[in-house]
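*Asks:* I'd like to ask some things about the structure below.
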Amino acid sequence: MVLGWRRRKGNSKQSRGGKPVMEVVVPNHFRCPISLDLMKDPVTLSTGITYDRENVERWFEEGNITCPVTNQVVRNFDMIPNHSLRIMVQDWCVENRQHGVERIPTPRIPISPIEVAELLMQVKDSARVLDQYGCLELLQRMKKWGGESERNKRCIVDNGAPVALASSFDAFANDSVERNVVVLEEILSALNWMFPLQLEAHKSLGSLASLSCMVWFLKHQDLSGKEKSIVALKELLSFGDVQHVEALSQIEGVNELLVELINKRVSSTITKASLRVVWYLVSSSSNSSEKMKLAFVELGLVSSLLDILIDSDKSRYEKALAILDSLCSCEEGRNKACGNDLTIPLLVKKILRISPLTTDYSVSALWKVCKFGEKDEGRTLLEALQVGAFQKLLLVLQVGCGDETKEKATELLKLMNPYRAELECIDSDYKNVKRSF
């Protein structure tokens, strides 16, 4: 079989010197029977068949218990490295490097669950006595293991690393954030590639000390530290634990900090994660939800969200609209929205744009603003008619939507209908809408 290592120069079937293009033929016994690619880390199963380690591990992880070639049930899943074959593959790569074939690096021996368990035991012991330097050394070893292969990462995660690291993070945070800042950031960095976390890890990472530490990182750390912290907060709140929301809302200055991160847009990761954290805070069933909405409204978040809807990428639209819809559930939020000239045009514009979710959020927010926003309901409805809301809502009903969106769209049409005769509707794409000042 001929694989695609070809060094073509020009568009013809010959090179510049008139010689035919060289095609490199890979010997069949160098190819993995599963992927048919050149094997990088050949291992032999108990059935006697050799595969590339990554491919055969994925085969078993998908629930298969048979040998892909012989179809025999595999009772011993030990994988023996085939060093002889690997050396032959490497020699063949060297011989054909003039044809563009790169040498396969010698694979490292995968770590075992026992090694991971021993390391995590030492990590917990170091955290118990607050030995940050000893813990740092162990974390560096774990980081090295994880960087060697995806298999090592899975082995580390599957054998309890998230729980051990989360409890260690809580221990160091309870002692002193400033004194243990280096080891705390290193733990948070490791946890970032272990998401999603188990329930027990959530409990430790969701303590008041751990949450306060992550907020401290958002205030005082560099860009990398901020990203790790806000991503961890997003992951933690996504679990839906009301206690975590309550605990975070009690930390002084967290609202101002989140709004500042959204406004500055220092990185896409931070902006998206900050929007998600705000969404969890204002949409939860916790007792502090209404208080949080009012706080964010007073901090000018409504205007910030409208700015995002003007000149941001599409991935942020859903998050911004979801928060705006939630803020419009309170009177203060609706008043702020009604007081901004961009609210109605932007909400109408996002209907049937981007995704079904943006349509749902836009219709919901428009319904709240038009029905409950001002004493002079007619002014808001006339403005919505001017920018083509009636036609958009009719299309929403025609193309189909959820029951809740359907009810709100229908009610909006009924509210607008008496005002249609008063003015001519203008169908505009709002291409010239500028940022508000």
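The values are calculated or read from the model by the stated rules, or taken from the named source; none is laboratory data. All of these numbers come straight from a predicted model, not from anything done at the bench. Here the Cβ positions follow ideal geometry from the backbone for every residue, glycine too, while neighbour counts run over all protein chains shown. Remember, those area values only see protein heavy atoms, side chains included, never the ligands or the DNA or RNA. Shrake-Rupley method; radii C 1.70, N 1.55, O 1.52, S 1.80 Å.
*Asks:* Determine, yes or no, whether THR70 is surrounded by 15 or more Cβ atoms within 10 Å (Cβ to Cβ) and hydroxyl-bearing (Ser, Thr, Tyr). Step through it out loud before you land on a result.
*Replies:* Values: surrounded by 15 or more Cβ atoms within 10 Å (Cβ to Cβ): no; hydroxyl-bearing (Ser, Thr, Tyr): yes.
The answer is no for THR70.
*Asks:* Here are some residues: ASP360, ASP313, ASP341. Which one is charged (D, E, K, R), at pLDDT 90 or above and surrounded by fewer than 24 Cβ atoms within 10 Å (Cβ to Cβ)?
*Replies:* On the way: ASP313 fails: at pLDDT 90 or above; ASP341 fails: at pLDDT 90 or above.
Result of the check over ASP360, ASP313, ASP341: ASP360.
*Asks:* Looking at (1) among the polar types (S, T, N, Q); (2) farther than 30 Å from LYS40 by Cα; (3) more than 20 Å from the chain's Cα centre (by Cα), which one does ASN159 not meet, given that it meets all the others?
*Replies:* Checking ASN159 against (1) among the polar types (S, T, N, Q); (2) farther than 30 Å from LYS40 by Cα; (3) more than 20 Å from the chain's Cα centre (by Cα), the one that fails is (2).
*Asks:* Given the conditions (1) touching a strand residue (DSSP E or B) at 6+ places or on another chain (Cβ under 6 Å); (2) surrounded by 16 or more Cβ atoms within 10 Å (Cβ to Cβ), and given that ILE80 satisfies all but one, which numbered condition is not satisfied?
*Replies:* Condition not satisfied by ILE80: (2).
*Asks:* Name the residues in region 364-382 that are modelled with pLDDT under 85, open to solvent by 20 Å² or more (accessible area, probe 1.4 Å) and either β-branched (Val, Ile, Thr) or part of a helix (DSSP H, G or I) (or both), would you?
*Replies:* LYS371, PHE372, GLU377, ARG379, LEU382
*Asks:* Given the criterion closer than 17 Å to GLU290 by Cα, of a type in the set (Asp, Glu) and open to solvent by 10 Å² or more (accessible area, probe 1.4 Å), identify the matching residue among GLU227, GLU256, GLU260, GLU235.
*Replies:* GLU256
*Asks:* Condition first: under 30 Å from GLU23 (Cβ atoms) and among the charged types (D, E, K, R). Can you find one or more residues in region 59-77 that meet it?
*Replies:* no
*Asks:* For region 387-403, what are the residues that are touching a residue at least 12 places away in the same chain (Cβ under 8 Å) and either in contact with a helix residue (DSSP H, G or I) (Cβ under 9 Å, 6 or more places away or on another chain) or β-branched (Val, Ile, Thr) (or both)?
*Replies:* In the first step, residues of region 387-403 are kept if they are touching a residue at least 12 places away in the same chain (Cβ under 8 Å); the result is 387-397, 399, 401-402.
Correct list: VAL387, GLY388, ALA389, PHE390, LYS392, LEU393, LEU394, VAL396, LEU397, VAL399, CYS401, GLY402.
*Asks:* I'm checking my understanding of the structure. Among residues of region 29-67 that are closer than 17 Å to PRO110 by Cβ and among the hydroxyl-bearing types (Ser, Thr, Tyr), which one is nearest to the chain's Cα centre (by Cα)?
*Replies:* TYR51
*Asks:* Same structure, new question: Take ASP78 and decide whether it is without any contact (Cβ under 8 Å) to a residue 40 or more places away in the chain and either part of a loop (DSSP other than H, G, I, E, B) or of a type in the set (Lys, Arg) (or both).
*Replies:* Numbers: without any contact (Cβ under 8 Å) to a residue 40 or more places away in the chain: yes; either part of a loop (DSSP other than H, G, I, E, B) or of a type in the set (Lys, Arg) (or both): yes.
Yes, satisfied.
*Asks:* Which of (1) under 18 Å from the mean Cα position of the chain (by Cα); (2) closer than 18 Å to ALA273 by Cα is the odd one out, the single condition GLN198 does not satisfy?
*Replies:* (2)
*Asks:* Quick check: is even one residue across region 278-286 touching an Asp or Glu at 6+ places or on another chain (Cβ under 7 Å), outside the structural domain of LEU357 (by the TED database), modelled with pLDDT under 90 and within 24 Å of SER364 (Cα to Cα)? Explain how you work it out, then say what you get.
*Replies:* Filtering region 278-286 down to residues touching an Asp or Glu at 6+ places or on another chain (Cβ under 7 Å) leaves 286.
Adding the requirement that they be outside the structural domain of LEU357 (by the TED database) leaves 286.
Subsequent filtering for residues that are modelled with pLDDT under 90 retains 286.
Filter again for within 24 Å of SER364 (Cα to Cα), leaving 286.
Scanning region 278-286, I find at least one residue that is touching an Asp or Glu at 6+ places or on another chain (Cβ under 7 Å), outside the structural domain of LEU357 (by the TED database), modelled with pLDDT under 90 and within 24 Å of SER364 (Cα to Cα), so the answer is yes.
*Asks:* How about region 248-288: which of its residues are without any contact (Cβ under 8 Å) to a residue 12 or more places away in the chain and farther than 15 Å from ILE230 by Cα?
*Replies:* Once the filter is applied, which keeps residues that are without any contact (Cβ under 8 Å) to a residue 12 or more places away in the chain and farther than 15 Å from ILE230 by Cα, region 248-288 yields only GLU252.
*Asks:* Would you pick out the residues in region 267-305 that are over 23 Å from the mean Cα position of the chain (by Cα) and in a helix (DSSP H, G or I)?
*Replies:* Matches in region 267-305: SER289, GLU290, LYS291, MET292, LYS293, LEU294, ALA295, PHE296, VAL297, GLU298, VAL302, SER303.
*Asks:* From GLU411, GLU424, GLU404, which residue is open to solvent by 80 Å² or more (accessible area, probe 1.4 Å) and modelled with pLDDT of 85 or more?
*Replies:* Numbers: GLU411 fails: open to solvent by 80 Å² or more (accessible area, probe 1.4 Å); GLU424 fails: modelled with pLDDT of 85 or more.
Step by step, each of GLU411, GLU424, GLU404 is checked, and only GLU404 is open to solvent by 80 Å² or more (accessible area, probe 1.4 Å) and modelled with pLDDT of 85 or more.
*Asks:* Then there's this: Any idea which residue in region 313-363 is nearest to the chain's Cα centre (by Cα), counting only those that are in a helix (DSSP H, G or I) and among the small types (Gly, Ala, Ser)?
*Replies:* Start the filter on region 313-363 by keeping residues that are in a helix (DSSP H, G or I), which leaves 314-327, 331-338, 343-350, 356-363.
Still in the list and also among the small types (Gly, Ala, Ser): 315, 320, 322, 326, 333, 337, 362.
On the way: SER315: 11, ALA320: 16, ALA322: 17, SER326: 22, GLY333: 28, ALA337: 29, SER362: 23 Å.
Per the stated criteria, the residue is SER315.
*Asks:* Quick one: would you say ARG353 is among the charged types (D, E, K, R) and open to solvent by less than 50 Å² (accessible area, probe 1.4 Å)? I'd like the intermediate steps shown before the answer.
*Replies:* Numbers: among the charged types (D, E, K, R): yes; open to solvent by less than 50 Å² (accessible area, probe 1.4 Å): no.
No.
*Asks:* Looking at region 91-112 only, could you name the residues that are modelled with pLDDT of 90 or more and either surrounded by 15 or more Cβ atoms within 10 Å (Cβ to Cβ) or in contact with a helix residue (DSSP H, G or I) (Cβ under 7 Å, 6 or more places away or on another chain) (or both)?
*Replies:* Residues satisfying the conditions are TRP92, CYS93.
*Asks:* Restricting to region 46-67, give me the number of residues that are in contact with a strand residue (DSSP E or B) (Cβ under 7 Å, 6 or more places away or on another chain) and in a loop (DSSP other than H, G, I, E, B).
*Replies:* Residues in region 46-67 being in contact with a strand residue (DSSP E or B) (Cβ under 7 Å, 6 or more places away or on another chain) and in a loop (DSSP other than H, G, I, E, B): 1 in total.
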